[in-house]
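Heads up: the structure comes next, in structure tokens.
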Amino acid sequence: MRLILTQEVSGLGTPGDVVEVKDGYGRNYLMPRGLAIAATRGAEKQIATIRRAREVREVRDVGQAADIKKQLEGLDVQLAARTGSGGRLFGSVTAADIADAIVRAGGPNVDRRKIELAGAIKSTGSHAVTVRVHDEVSAKVEVSVTPA
């Protein structure tokens, strides 16, 4: 089955890529979640707009990605969250919360989809988070979660 990705799917491709996948994977996983659309002749226009939008957001080269990595790793990211007894959070810290905290700490705008959490952050303290700046460059950021 030929599909056009509308969002990034790890291990498969980026938005605008035309991929060939098994029928069940495309029909039961990718398409219902809005991660892909069927590759038709009329979809070529959509591919062009998706690629243009991606080029605007994407980091240009590895050198620029290394500069952004250096900025991110030098940040002191603080995030205040509501907590209960024992330092447990009400809910958890999301990738969008971390992206906002990076901007508040003076860092660059980071797309929340580029932030990888090893597991749910549900307690106060220091947590390591990976930010995929470029396909070849990832930055490790320490996020300190404090009680609000």
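What follows draws every value from the coordinates through simple rules; no lab data is involved. Being a predicted model, the structure only gives us computed values, none of them experimental. Virtual Cβ from ideal backbone geometry, glycine too; neighbours counted across all protein chains shown.
Against the longest principal axis of the chain, how steep is helix 62-73, in degrees 0 to 90 to the nearest 10, with axes from Cα atoms? With both axes taken from Cα atoms, the answer is about 30 degrees.
Give the value in nm², to one decimal: projected area of the alpha carbon convex hull of segment 62-147, averaged over all directions.
Averaged projected hull area, Cα only: 5.1 nm².
Extension gain, A53 to L117, is 20.5 nm, computed as 0.36 nm per intervening residue step minus the present C-alpha separation. Computed extension gain for S85 through V62, at 0.36 nm per residue and net of the alpha carbon distance, reaches 3.8 nm.
Taking only the Cα atoms of segment 2-57, the ratio Rg/Rh comes out at 0.95, with Rh defined as the Kirkwood radius. Working from label points 7 Å from Cα in the Cα-to-Cβ sense, the Q46 to K140 distance is 4.0 nm. Working note: Karplus 6.51/-1.76/1.60 with θ = phi - 60° gives segment 134-140 the couplings 8, 4, 9, 10, 10, 10, 9 Hz, where Gly and Pro are set to x.
Please report the base-10 log of the normalised intensity I(q)/I(0) for the chain, using a Debye sum with one equal scatterer per alpha carbon and no solvent, at each q in 0.22 (1/Å). Log10 of I(q)/I(0), two decimals: -1.23. Our coupling estimate for segment 27-42, obtained by passing each phi through the Karplus curve with A = 6.51, B = -1.76, C = 1.60 and θ = phi - 60°, is 6, 9, 10, 5, 5, x, 8, x, 7, 8, 10, 5, 7, 10, 5, x Hz, Gly and Pro reported as x.
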